[in-house]
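The values are calculated or read from the model by the stated rules, or taken from the named source; none is laboratory data. Not measured: the values here are computed from a predicted model. Cβ placement follows ideal geometry from the backbone for every residue including glycine, while neighbour counts extend to all protein chains displayed. Keep in mind that these areas ignore ligands, DNA and RNA; they rest on the heavy atoms of the full protein, side chains included. Shrake-Rupley method; radii C 1.70, N 1.55, O 1.52, S 1.80 Å.
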Amino acid sequence: RDYLTTFRKFSKFLENDPILDSISSQMVEKFLAEQNVSKKTILNYQIGLSALWTWALREDLVQEHIIHKVKRIKPEKKAIKPYTEDDIRSMLNSLDHTELYSRPGKRDSSHRLIHADRNRTLLFLLLDTGVRVSELINLKVQEVDLKNQRIYVM
């Protein structure tokens, strides 16, 4: 999917759908320079285009691998900022009741959330294991071992 997105963006950038072998490394550099995304995303675009040229070279559709001439983007390394104790307390406190809300002609109120225990469990699982949200939501019952207190994440 990433490669397809990259190819579509690059094709749109080129406008006139040139023959692959007529595309220069300067055109690729210009395409990458004009992208208003993170350096990591630009690197992903560069990797996708490199895969295209590797395939095209193998199929004799191009004479050279022009992406090898393009300087490789180095994404910035972002430091992971851990949650503070206050952050965790705030998250836990938000699991029991809704925020205070107003209704016309009535006093401000909030209501108890019915799945507070489940949500607390999920929050602790995320915080304690480092599992991704996508991994957690795709977890199957058979991948949870309550006896040995383990989960199996693929």
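Worth pointing out:
- Taken per residue, the accessible surface of the range 104-154 reaches 89 Å², heavy atoms only and a 1.4 Å probe.
- The trypsin sites (Lys or Arg not before Pro) of the range 80-140 that DSSP puts in a loop, and whose beta carbon has at most 10 other beta carbons within 10 Å, are 106, 107, 140.
- Backbone phi angles across the range 77-92, fed through the Karplus curve with coefficients 6.51, -1.76 and 1.60 (θ = phi - 60°), yield HN-Hα couplings of 8, 8, 6, 7, 8, x, 5, 7, 4, 5, 4, 5, 4, 4, 4, 5 Hz in residue order; Gly and Pro are listed as x.
- For the range 71-154, the share of accessible area belonging to carbon and sulfur comes to 54 percent (1.4 Å probe, ligands and nucleic acids excluded).
- Estimated FRET transfer efficiency when R0 is 35 angstrom, pair residue 152-residue 22 (beta carbons, to 0.05): 0.10
- Pairwise centroid distance, computed over Cα atoms, of the range 37-110 with the range 113-154, Å: 22
- Given (i) 11.2; (ii) 9.7; (iii) 16.7, the label whose value is mean projected area of the Cα convex hull in nm² derived from this model: (iii)
- Exceedance of the 24 Å cut-off in Cα-Cα distance is limited, within the set 12/77; 30/78; 39/140; 39/81; 9/40; 12/71, to 12/77; 30/78; 39/140.
- Estimated distance in nm for a label pair at residue 93 and residue 7, the labels positioned 7 Å out from Cα along Cα-to-Cβ: 5.2
- Placing +1 on the Cβ of every Lys and Arg and -1 on the Cβ of every Asp and Glu, with nothing else charged, gives the chain a dipole about its Cα centre of roughly 380 debye.
- Degrees separating the helix 2-14 axis from the principal Cα axis of the chain, which is the longest one: 50
- The portion of the accessible surface of the range 1-66 made up by carbon and sulfur, rounded to a whole percent, is 49 (1.4 Å probe; DNA, RNA and ligands excluded).
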